[in-house]
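The values are calculated or read from the model by the stated rules, or taken from the named source; none is laboratory data. None of these values were measured; they are calculated from a predicted model. Neighbour counts run over all protein chains shown; Cβ positions are idealised from the backbone, glycine included.
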Amino acid sequence: MDIGNRIRNLRMAKELSVAELAKQAFISQSYLRDIENGRTTPSLDKLNTICDSLNISLSEFFGSVPVLPGEIIRLVENAQQLTEEEIHLLSSFLESMIKRQKAEVNE
């Protein structure tokens, strides 16, 4: 696994700049760039801090958990604030959109 590329992909998926992630992880921007470009490898402690800043666990970082785009993450975060009834309505709406899209493709 290329740790630097994984960090870069996660950072970009979460729509964070190098400056933002470096600040959140308490590391310098140049150090983060060195990690992302494969010039250095972070210690386990630093990697854990970076993962915390990306809101993922080390096991998620090293696992095959897919990286979700920032927009999908925001949708989930927003959905968590809805009532059960609102979630049901949203789910029904999404299902009808998918059915309509499939019908258009099959025409």
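For the reader, a short list of remarks on this structure follows.
- Selection over the stretch 56-95 of residues that are loosely packed, with under 11 Cβ neighbours inside 10 Å and either among the polar types (S, T, N, Q) or more than 15 Å from Leu10 (Cα to Cα) (or both) gives a count of 13.
- Listed by first and then second residue, the pairs linking a residue in the stretch 89-105 that is within 21 Å of Ala79 (Cα to Cα) to a residue that is of a type in the set (Gly, Ala, Ser) and modelled with pLDDT of 95 or more, with Cβ atoms under 9 Å apart and 6 or more places separating them unless they lie on different chains, form an empty list.
- Count of the stretch 83-107 residues which are of a type in the set (S, T, N, Q), modelled with pLDDT of 90 or more and not in a loop (DSSP other than H, G, I, E, B): 4
- Filtered residue count, the stretch 12-36, keeping only those that are modelled with pLDDT under 95 and either farther than 28 Å from Leu75 by Cα or part of a helix (DSSP H, G or I) (or both): 2
Each row is one residue, and each column tells you yes or no for (1) among the polar types (S, T, N, Q); (2) without any contact (Cβ under 8 Å) to a residue 40 or more places away in the chain; (3) not assigned by TED's automatic domain parsing to the domain that holds Ile7.
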{"site": "Ala19", "(1), (2), (3)": "no, yes, no"}
{"site": "Ser28", "(1), (2), (3)": "yes, yes, no"}
{"site": "Asn37", "(1), (2), (3)": "yes, yes, no"}
{"site": "Thr40", "(1), (2), (3)": "yes, yes, no"}
{"site": "Asp45", "(1), (2), (3)": "no, yes, no"}
{"site": "Cys51", "(1), (2), (3)": "no, yes, no"}
{"site": "Ile56", "(1), (2), (3)": "no, no, no"}
